[in-house]
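A quick write-up on the structure given underneath.
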Amino acid sequence: MRISRNDFFLAILVVTMWGLSFVVIKVGLNQLPPFLFSALRFALAAIPAVFFVPFPKNHWKAVLGIGIFIGIFKFSFLFISLDGHITAGLASLLIQSQIYFTVILSIIMFKETITSLHVKGFLVALLGFLTLLTSGSQAFTTLGLLMILLAGLSWAFSNIIMKKMKDVNLFQLMVWACLVPPVPLFVISILTETDQPMYLLAQLNFMSWVSVTFLAFCSTLLAYALWGVLLRKYSAASITPMALLIPIVGMISSVLVLGEEVAFIEVISFLLIFLGLVAVMLANVATGETFTKKSI
């Protein structure tokens with residue numbers, strides 16, 4: 001089924017919000033420590049929404065699993081990496097390693113086979129990754145690289161949970177999954193970041209609150225609501241490839257808004273990694289395995 005023009009622009013709006021989120025996180029981290037920032041984002045996304053959004057029936061295990069892997073693990077790793085250890089543009093690209101990790105986990109857990117296009121995509125991306133590692137790039141630290149790859153792996157585990165589910169309302173699922181992370185993240189923050197979180201929140205400036213609000217209401221509630229509508233109207237194979245625009249938006253906005261500089265060798269490595277992503281995504285669409293149901 002062909003996507004209508006209005007729905008096409010809706011999809012563009014969603015991936016734009018998700019792509020901009022990496023820049024928004026960077027801005028918020030100027031005042032907020034990673035765990036407290038993430039806890040606040042999910043708390044605002046979950047409450048009061050859970051009082052108005054029905055619980056996805058028979059999916060409490062999925063709600064818990066996605067809340068843990070996406071809310072606690074993925075975003076903790078992502079926020080730590082963005083807290084001075086990796087540029088927003090590179091993070092928006094490398095977190096898409098979730099596509100590769102999901103394919104690997106599917107092979108291990110479901111005995112799925114991969115196509116020659118999968119293999120080619122992996123090899124091209126690996127070449128780009130090795131180019132980046134040997135480039136002497138200042139865009140990341142070793143810790144930042146490790147954290148962003150762990151974020152991608154965590155996302156992949158949540159994809160596996162989603163893969164086993166059928167007929168679930170994506171928006172309901174994500175709203176209730178947002179209720180899982182806040183308390184554990186607040187506890188971790190108090191133990192490792194600050195013993196006076198309320199005092200710290202009282203000192204936040206306008207831009208920090210804009211960052212938290214954007215992540216909670218735009219890139220979470222609004223984006224997932226719209227994405228869920230699109231997935232109900234069209235096949236996943238028609239919609240999910242548009243998620244490839246997320247790193248493009250992330251990298252362009254990081255240059256324009258944050259003034260991040262990109263060296264020529266970094267551009268080459270980024271292009272190779274992105275082309276690898278495109279190849280794997282096309283292979284997933286061809287085999288009916290569309291994993292990128294959610295992004296940020």
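Things to note:
- Any hit, the stretch 75-90, residues being exposed (fewer than 15 other Cβ atoms within 10 Å of the Cβ) and under 30 Å from residue 36 (Cα atoms): yes
- Picking from residues in the stretch 175-212 that are under 15 Å from residue 30 (Cα atoms) and within 23 Å of the chain's Cα centre (by Cα), the one that is surrounded by the most Cβ atoms within 10 Å (Cβ to Cβ) is 211.
- Of all residues in the stretch 219-246, those that are free of Cβ contacts under 8 Å to residues at least 24 places away in the same chain have Cβ atoms under 9 Å from Cβ atoms of residues that are assigned to a helix (DSSP H, G or I), 6 or more apart or on another chain, in 232/170.
- Qualifying residue in the stretch 80-91 (condition: within 25 Å of residue 253 (Cα to Cα), of a type in the set (Gly, Ala, Ser) and part of a loop (DSSP other than H, G, I, E, B)): yes
- If only residues of the stretch 1-44 that are touching a residue at least 60 places away in the same chain (Cβ under 8 Å) and among the polar types (S, T, N, Q) are counted, the one that is surrounded by the most Cβ atoms within 10 Å (Cβ to Cβ) is 38.
- Residue in the stretch 60-69 that is in a loop (DSSP other than H, G, I, E, B), under 27 Å from residue 188 (Cα atoms) and within 17 Å of the chain's Cα centre (by Cα) present: no
- All conditions in (1) in contact with a helix residue (DSSP H, G or I) (Cβ under 6 Å, 6 or more places away or on another chain); (2) farther than 24 Å from residue 251 by Cβ hold for residue 106, with the sole exception of (1).
Coordinate-derived values only; no laboratory data. The shown structure was predicted, so the numbers you read here are calculated from the model rather than taken from an experiment. A quick note on method: Cβ atoms are made from the backbone with ideal geometry, for glycine too, and the neighbour counts reach across all protein chains shown.
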